[in-house]
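J.: Please see the structure below; I have some questions.
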Amino acid sequence: MATHLEKITGKLADRMMPTAADYLSPAEVKELTPELVISRINALKPFIAEHAREAELRRMPVQAVWTAICRTGFFYMSMRKKYGGLEAN
């Protein structure tokens with residue numbers, strides 16, 4: 001019988017977990033602007049669309065798409081400035 005920790009770990013293994021490649025360096029974060037992030041996301045639209053069917057079938061993002069979105073700085077948009085984000089909407 002699986003332990004509680006094994007049950008949780010098994011569930012988490014199926015989820016997208018951040019890796020070192022998902023985070024921007026302090027220098028990259030310093031250069032971010034909302035306009036730059038929006039531009040990068042717009043440039044990814046064809047790539048995201050190309051992998052949409054696979055993501056729907058898997059019911060989770062494709063790793064390459066997840067990493068590409070993380071590398072745009074998208075997740076820094078809503079992060080408060082005092083924590084290193086852009087605090088933008």
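The values are calculated or read from the model by the stated rules, or taken from the named source; none is laboratory data. All of these numbers come straight from a predicted model, not from anything done at the bench. Ligands, DNA and RNA are stripped out before the accessible areas are found, and what is left, the full protein with its side chains, is counted by its heavy atoms. Shrake-Rupley method; radii C 1.70, N 1.55, O 1.52, S 1.80 Å.
J.: Check the stretch 51-61 and report whether any residue there is part of a helix (DSSP H, G or I) and either modelled with pLDDT under 80 or acidic (Asp, Glu) (or both). Can you show your working first?
T.: From the stretch 51-61, those part of a helix (DSSP H, G or I) are 52-58; that's our starting set.
Add one more test, that the residue is either modelled with pLDDT under 80 or acidic (Asp, Glu) (or both), and what stays is 54, 56.
Looking through the stretch 51-61, at least one residue is part of a helix (DSSP H, G or I) and either modelled with pLDDT under 80 or acidic (Asp, Glu) (or both).
J.: Name the residue that is nearest to MET17 (Cα to Cα), counting only residues in the stretch 30-62 that are open to solvent by 80 Å² or more (accessible area, probe 1.4 Å) and under 16 Å from the mean Cα position of the chain (by Cα). So that I can check it myself, show each step before the final result.
T.: Just the residues of the stretch 30-62 that are open to solvent by 80 Å² or more (accessible area, probe 1.4 Å), to begin with: 30-31, 35, 38, 40, 45-46, 50, 53-54, 56-59.
If we keep only those that are under 16 Å from the mean Cα position of the chain (by Cα) too, we end up with 38, 40, 45, 59.
Numbers: ILE38: 23, ARG40: 22, LYS45: 22, ARG59: 15 Å.
Going through the qualifying residues, I end up with ARG59.
J.: Any idea which residue in the stretch 65-89 is nearest to ASN42 (Cα to Cα), counting only those that are open to solvent by 90 Å² or more (accessible area, probe 1.4 Å) and in a loop (DSSP other than H, G, I, E, B)?
T.: Restricting to residues being open to solvent by 90 Å² or more (accessible area, probe 1.4 Å) and in a loop (DSSP other than H, G, I, E, B), the top hit is ASN89.
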